[in-house]
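Novice: After the structure tokens below, expect a handful of questions from me.
No value in this document is a laboratory result; all are computed from the given coordinates. Predicted model only: the values in this text are computed from it and were never measured. Cβ placement follows ideal geometry from the backbone for every residue including glycine, while neighbour counts extend to all protein chains displayed.
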2 protein chains.
Amino acid sequence: MREETVAIGALRLDCGQTLAAAEQCVTIYGTPTADGSNVVLVEHALTGSSRAADWWPGIVGEGALFDPREWCVVGINALGSCYGSTRTSHRITVRDIVRAEMRALHELGFERVELAIGGSLGGMRALQWALDAPERVGAAVVVGAHDHHSAMGIALNSLQREALALDPVRGLRLARKLAMLSYKSEDLFNERHGRRSDRQGRPCFDVEGYLDRQAALFEARMDAASYVALTHAMDSFDVRAGEVFLQLGGTRKPALTFVGITADWLFRPQDVRRAAQRFALRGFDAQYIELRSHHGHDAFLAEPAALRALLEPLISTPVTADIRSSLC
Amino acid sequence: MREETVAIGALRLDCGQTLAAAEQCVTIYGTPTADGSNVVLVEHALTGSSRAADWWPGIVGEGALFDPREWCVVGINALGSCYGSTRTSHRITVRDIVRAEMRALHELGFERVELAIGGSLGGMRALQWALDAPERVGAAVVVGAHDHHSAMGIALNSLQREALALDPVRGLRLARKLAMLSYKSEDLFNERHGRRSDRQGRPCFDVEGYLDRQAALFEARMDAASYVALTHAMDSFDVRAGEVFLQLGGTRKPALTFVGITADWLFRPQDVRRAAQRFALRGFDAQYIELRSHHGHDAFLAEPAALRALLEPLISTPVTADIRSSLC
């Protein structure tokens, strides 16, 4: 594993502003083959980092789906995040984030990735890669995300930013708690917490104690400005417009796999399925598969074994086959 | 219509505290018949008032389901609310709220109500009436509520109280916005707001503008202390325990109608149905019916015509038939 901070120079943003000297934090696990056919780009979600093996065990790491002994896994921290890439107070988009990533990968000599994969905001980023640089992406796997952010998703992010604006510390905690509600399902909460009292004996319900602990963990590792920047980027995401497809023209289109999660109410499985259908109608080799989980949205993090089992049949080891054809 | 503030004396609360001199604000529409068989108790939800005709058009008022020319509709403001009844900083329960209501109705000469009806917290109150005073209630209609508050419901209320604690004014606005998300459905938001820009031209999404307007309306009519008291009361609600039923013994049990709302994710229809089944298993004449609406939880307020159409066949005018038998 090696970590690099890559200078990518001035970066023009969709909002019209320019970042003078942007940097991207990249973590690389394993070694690329000569033809680069074992390179996987792993895109983190709202609060993740380039260290994919840290937050996606079962998917990245020794013995995992993408084992660095076979694969070269490239993790990259999103522009605006607080995990090593350039932070900004400008409004950024998922396209800005991906534009910065393309530059960084180019600087590092990765002209093409066989697979781009991510969940939630990471799924949006993987999809944006496939649309903005189809010649540089073999296939994309979009987990618990689809082709736009919904009104409910926007509203949830907006309320989280409003909490931050009330108080930088307690507001961040409140924002995380609200996010956790949208990442979990009612069935999971009923099963795990129900109406039981706090397990530490405080005068509250267990679910409140759980959210308190989650918020405390979060406070130690995230900052408000990054949270604002990245939730705005999510809100801006919508690749349903025709021009996205027109610009692709006759180029080979990356294969797309959309993974819906049954109990996800932030990115509902029926919406993920519809997105796959929209891409198929536009001539993409797009498929929909489903992760059965009662966890809710963050099943892609909370149930790595189930996700791995779902993805494994789709992904051949780089030695034996071309990923593109196995994903078709 | 007449409004009365009824002194109910000292009120012992479930928390062990006693309110020295409690009052209940009551609004009465129409006139009770000599035998009292036309009396309907209408219970408001979290932020309602005793003036049922104001917030439940189509259900209460001239030409409505409960027309004061035939029915005597009794609206009563919940203990702890800011609409005329005694407010308190003590932790109160739905049982406390109903205990105060029973006293007030007794003071006013209403020894029995043919029907108790309400939605959300109002549904909890109606159900609590049926369980705590079965001899005083002919039937109860519980809309968009069931027999306990879920972990997700508790979490949502907890986060709203946390917002209030951050800032009494902006926190109340944020709490209302969060509540609105739980009252509406994703499908409704997609249809009404989608990803459109704010209709007033501000640099935000339409759904954010909508929530802003809702919050501003709310700020003018609710206070934080009442919000805290009544959300705690909701959180405390759970009438699934055996003792509730044991205490009923061999007394005649009120008929119970549970109304689930198809797109409600705060009180999911499958949970409302299960509650009806639990009561049926306990020997109640309990039925489940469903309000088909894509609004979400507050369809009981937002779609009064549909609710009326659903309830009308179940409710005979007091002149022609006994409500109890018609509800069976």
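Novice: Run down B:GLY9, B:GLY36, B:GLY30, B:GLY48 and say which single residue is under 16 Å from the mean Cα position of the chain (by Cα) and of a type in the set (Gly, Ala, Ser).
Specialist: Numbers: B:GLY9 fails: under 16 Å from the mean Cα position of the chain (by Cα); B:GLY36 fails: under 16 Å from the mean Cα position of the chain (by Cα); B:GLY30 fails: under 16 Å from the mean Cα position of the chain (by Cα).
It is B:GLY48.
Novice: Would you mind telling me which numbered condition in (1) crowded, with 24+ Cβ neighbours inside 10 Å; (2) closer than 25 Å to B:ASP187 by Cα A:SER158 fails?
Specialist: Of (1) crowded, with 24+ Cβ neighbours inside 10 Å; (2) closer than 25 Å to B:ASP187 by Cα, only one is false for A:SER158: (1).
Novice: Please name all residue pairs, on different chains or six or more residues apart, with Cβ atoms under 6 Å, provided the first residue is in the range A:177-199 and is of a type in the set (Lys, Arg) and the second residue is surrounded by 23 or more Cβ atoms within 10 Å (Cβ to Cβ).
Specialist: A:LYS177/A:LEU211; A:LYS177/B:LEU159; A:LYS184/A:GLY296
Novice: If I ask for residues that are more than 14 Å from every other protein chain (Cβ to nearest Cβ), out of contact with any strand residue (DSSP E or B) (no Cβ under 8 Å at 6 or more places or on another chain) and hydrophobic (A, V, I, L, M, F, W, C), which ones from the range A:132-156 would you list? Outline the logic, then answer.
Specialist: In the first step, residues of the range A:132-156 are kept if they are more than 14 Å from every other protein chain (Cβ to nearest Cβ); the result is A:132-145.
With the extra rule that they be out of contact with any strand residue (DSSP E or B) (no Cβ under 8 Å at 6 or more places or on another chain), the set shrinks to A:132-135.
Correct list: A:ALA133 only.
Novice: Among what's in the range B:255-294 and is assigned to a loop (DSSP other than H, G, I, E, B) and of a type in the set (S, T, N, Q), pick the residue that is farthest from B:ARG240 (Cα to Cα).
Specialist: B:SER293
Novice: Follow-up question, since we're still on this one. Give the residues of the range A:19-31 that are of a type outside the set (Phe, Trp, Tyr) and surrounded by 20 or more Cβ atoms within 10 Å (Cβ to Cβ), sorted by residue number.
Specialist: Result: A:LEU19, A:ALA22, A:GLU23, A:GLN24, A:CYS25, A:VAL26, A:THR27, A:ILE28, A:GLY30.
Table: residues versus (1) under 20 Å from B:ALA175 (Cβ atoms); (2) over 19 Å from the mean Cα position of the chain (by Cα).
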{"site": "A:ALA165", "(1), (2)": "yes, yes"}
{"site": "A:VAL169", "(1), (2)": "yes, yes"}
{"site": "A:LEU188", "(1), (2)": "no, yes"}
{"site": "A:ARG196", "(1), (2)": "no, yes"}
{"site": "A:PHE205", "(1), (2)": "yes, yes"}
{"site": "A:GLY209", "(1), (2)": "no, yes"}
{"site": "A:ALA215", "(1), (2)": "yes, yes"}
{"site": "A:ALA220", "(1), (2)": "no, yes"}
{"site": "A:ARG240", "(1), (2)": "no, no"}
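Novice: Pick out, from the range B:165-229, the helices (runs of 4 or more DSSP H) lying fully within it that include 2 or more residues that are of a type in the set (A, V, I, L, M) and within 11 Å of another protein chain (Cβ to nearest Cβ).
Specialist: Working: elements: B:170-183, B:186-192, B:206-219.
In the range B:165-229, the matching helices (runs of 4 or more DSSP H) lie at B:170-183, B:206-219.
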